[in-house]
Amino acid sequence: MKKICLVCSAGISAKTIVEKINNVLAQDNKEWKFEAITVNNLNTNDYDIVLLTPQVEYLKNKIIGMLPENKDIKVEVLPSDLYVKNDAKAIIDFTTNI
């Protein structure tokens, strides 16, 4: 199972998006799991992909520096238009191409 986290400053809006995403994933029988977390709760060992919301984009290099060297963990910033629209399907499509 692929594990993806959506990192947000407070986690409130990210939780809403993640619920939508996981519902779409369940309907599509895709073996992925999205979680919404705050930057302070990020454990980089737990995920295959770390997606940053636009408001925490400035932390990308810091998070890359936290990654274990022996794991191939991708870190990307979610485009603001996908985040604002809460478009679960488009976010899944974006993540597929990472």
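What helices (runs of 4 or more DSSP H) completely inside the chain contain at least 3 residues that are touching a strand residue (DSSP E or B) at 6+ places or on another chain (Cβ under 7 Å)? Reasoning before the result, please.
On the way: elements: 12-27, 60-66, 80-85, 88-96.
Of the helices (runs of 4 or more DSSP H) lying wholly inside the chain, those with at least 3 residues that are touching a strand residue (DSSP E or B) at 6+ places or on another chain (Cβ under 7 Å) span 12-27, 60-66.
So, in the range 76-91, of the ones that are in contact with a Leu (Cβ under 7 Å, 6 or more places away or on another chain) and under 13 Å from L6 (Cα atoms), which residue ends up surrounded by the most Cβ atoms within 10 Å (Cβ to Cβ)? Before you say what the answer is, go through the steps one by one.
Of the range 76-91, the ones in contact with a Leu (Cβ under 7 Å, 6 or more places away or on another chain) are 76-78, 90-91.
Those still in the list that are under 13 Å from L6 (Cα atoms) too: 76-78, 91.
On the way: E76: 16, V77: 17, L78: 22, I91: 24.
Looking at the filtered set, the residue picked out is I91.
Write out, first by first residue and then by second, each pair whose Cβ atoms fall under 6 Å of each other, whose residues are 6+ apart or on separate chains, and whose first residue, in the range 82-98, is free of Cβ contacts under 8 Å to residues at least 60 places away in the same chain and over 14 Å from V18 (Cβ atoms) while the second is basic (K, R) and outside any loop (DSSP other than H, G, I, E, B).
I98/K74
Restricting to the range 1-58, give me the number of residues that are over 19 Å from A90 (Cα atoms), surrounded by 17 or more Cβ atoms within 10 Å (Cβ to Cβ) and of a type in the set (S, T, Y).
1
Restricting to the range 59-75, name every residue that is open to solvent by less than 80 Å² (accessible area, probe 1.4 Å), more than 14 Å from N40 (Cβ to Cβ) and not basic (K, R).
Step one: list which residues in the range 59-75 are open to solvent by less than 80 Å² (accessible area, probe 1.4 Å), which gives 59-60, 63-65, 67-68, 73-75.
Still in the list and also more than 14 Å from N40 (Cβ to Cβ): 60, 64-65, 67-68, 73-75.
Within the range 59-75, I64, G65, L67, P68, I73, V75 qualify.
The values are calculated or read from the model by the stated rules, or taken from the named source; none is laboratory data. Here the structure is a predicted model, which means the values were calculated and not measured. Here Cβ is always computed from backbone atoms with ideal geometry, including for glycine, and neighbour counts include all displayed protein chains. For accessibility, only protein heavy atoms count, side chains too; no ligands or nucleic acids. Shrake-Rupley method; radii C 1.70, N 1.55, O 1.52, S 1.80 Å.
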